[in-house]
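These notes are about the structure you will find just below.
The values are calculated or read from the model by the stated rules, or taken from the named source; none is laboratory data. In this text, all values refer to a predicted model and were calculated from it rather than measured experimentally. Quick reminder, even Gly has a Cβ in these numbers, built from the backbone with ideal geometry, and neighbours come from all protein chains shown.
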Amino acid sequence: MIIIRHPTEMTAWAKEQAGRGIALVPTMGFFHEGHLSLMRRAGQLADQVAVSLFVNPTQFGPQEDLAAYPRNFESDQAMAEAAGVAVLFAPDAADMYPAVFSTTVTVGKELTGKLCGASRPGHFAGVATVVCKLFSIVRPDLAVFGEKDWQQLAVIRRMTVDLNLGVEIVSHPIVREADGLAMSSRNTYLAPQQREAALSLSRALALARTLAAKGERSAERLTAALRDFIHSFQETAVDYISFVHQDSLQHVTEIDETTILALAVKIGGKVRLIDNGRVM
Ligand code: PAF
């Protein structure tokens with residue numbers, strides 16, 4: 001595996017691969033099994049796997065965890081190599097965003113103004129801009145993203161089509177711990193006693209499925225039941241419980257097979273976790 005630090009060198013490598021398919025897995029590092037499953041999937045779909053490792057400052061709000069975001073380059077390097085990655089692209093922020101940088105990619109509010117976008121203003125502009133840059137730099141044929149960030153996936157799909165970026169977007173299912181917690185680099189922020197509270201998300205998904213299986217279709221009634229359920233765990237505060245259409249992210253009043261339940265819950269006032277899934 002080679003490590004490339006500079007965008008220009010990354011593009012030069014991509015151009016040398018002419019004819020060999022490149023799959024990109026964009027990441028912010030601190031790899032866990034979720035990331036590795038994306039890398040392995042990418043390896044099944046293309047000749048060469050490139051992984052970007054960049055904690056993108058523009059997608060963090062001023063009060064968010066940019067400085068504290070977990071990092072471990074040596075461990076990430078070893079894990080990516082073992083997963084068969086050809087190139088690890090780990091640029092510096094100063095090379096991605098030089099002083100003169102002044103372009104932002106903004107996807108419309110109908111996708112970015114709700115769910116995580118409502119409590120994290122500017123977040124999806126940061127994500128869209130960096131992913132657009134990564135596509136330009138790495139020039140992949142396809143890119144693999146995890147379904148845990150369902151809204152991010154919808155935003156990136158929209159941007160890729162709207163801007164004719166010519167990159168196939170592949171989504172990969174959420175990878176969970178044995179107890180159901182969706183894997184996330186941010187799980188490392190959880191104190192041991194908060195682990196039970198963190199399970200409120202996956203258990204709320206399970207409860208929604210049980211209620212749907214019994215015939216409940218009302219998003220309003222389901223939301224009320226899930227809110228009570230999540231708040232029955234200590235130290236939890238619901239950010240949102242939303243039933244949305246899988247592609248448009250429009251809120252639905254009656255759930256069906258195209259509905260995604262999206263959840264965001266703060267644990268202990270600090271650790272914000274997300275999860276999602278179909279309920280029927
Ligand atoms: O999902 C992430 O880790 C990030 O949002 C991404 C897609 C790598 C962009 O920085």
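Remarks
- Members of region 135-162 that are within 12 Å of the ligand (Cβ to nearest atom) and not hydrophobic (A, V, I, L, M, F, W, C): G146, E147, K148, D149, Q151, Q152
- Qualifying residue in region 70-80 (condition: of a type in the set (S, T, N, Q), closer than 25 Å to N187 by Cβ and crowded, with 20+ Cβ neighbours inside 10 Å): no
- Scanning region 260-270 for residues that are touching a residue at least 40 places away in the same chain (Cβ under 8 Å) and more than 16 Å from the chain's Cα centre (by Cα) yields I267, G268, K270.
- Those strands (runs of 3 or more DSSP E) of region 1-118 in which 1 or more residues are within 14 Å of the ligand (Cβ to nearest atom) and not small (G, A, S) occupy 22-27, 48-53, 87-89.
- Of all the residues in region 18-51, those that are buried (at least 19 other Cβ atoms within 10 Å of the Cβ), more than 23 Å from Y189 (Cα to Cα) and among the polar types (S, T, N, Q) number 1.
- Residue in region 167-182 that is in contact (Cβ under 8 Å) with a residue 40 or more places away in the chain, of a type in the set (D, E) and either farther than 18 Å from Y69 by Cβ or more than 13 Å from the ligand (Cβ to nearest atom) (or both) present: no
- Whether a residue is more than 16 Å from the ligand (Cβ to nearest atom) and under 28 Å from V252 (Cα atoms) was assessed, and A191 does not pass this test.
- T160 in contact with a Phe, Trp or Tyr (Cβ under 9 Å, 6 or more places away or on another chain) and more than 29 Å from H32 (Cα to Cα): no
- Residue that is surrounded by 14 or more Cβ atoms within 10 Å (Cβ to Cβ), touching a strand residue (DSSP E or B) at 6+ places or on another chain (Cβ under 8 Å) and among the polar types (S, T, N, Q), where the choices are S200, S185: S200
- Flag for S119 being surrounded by fewer than 20 Cβ atoms within 10 Å (Cβ to Cβ), hydroxyl-bearing (S, T, Y) and in contact (Cβ under 8 Å) with a residue 40 or more places away in the chain: yes
- Residue check, V87 surrounded by 14 or more Cβ atoms within 10 Å (Cβ to Cβ), out of contact with any Leu (no Cβ under 6 Å at 6 or more places or on another chain), modelled with pLDDT of 95 or more and among the aliphatic types (A, V, I, L, M): yes
- Yes/no for A82 being at pLDDT 95 or above and more than 18 Å from the chain's Cα centre (by Cα): yes
- Among residues of region 1-16 that are under 20 Å from G43 (Cα atoms), those with a beta-carbon under 7 Å from a residue that is small (G, A, S) at least six positions away or on a different chain give the pairs M1/A80; M1/A86; I3/A90.
- Selection from region 119-134 of residues that are near the ligand (Cβ under 9 Å from one of its atoms) and not in a helix (DSSP H, G or I): none
- For region 150-165, taking the residues that are part of a loop (DSSP other than H, G, I, E, B) and in contact with a helix residue (DSSP H, G or I) (Cβ under 8 Å, 6 or more places away or on another chain), the one that is surrounded by the fewest Cβ atoms within 10 Å (Cβ to Cβ) is identified as L163.
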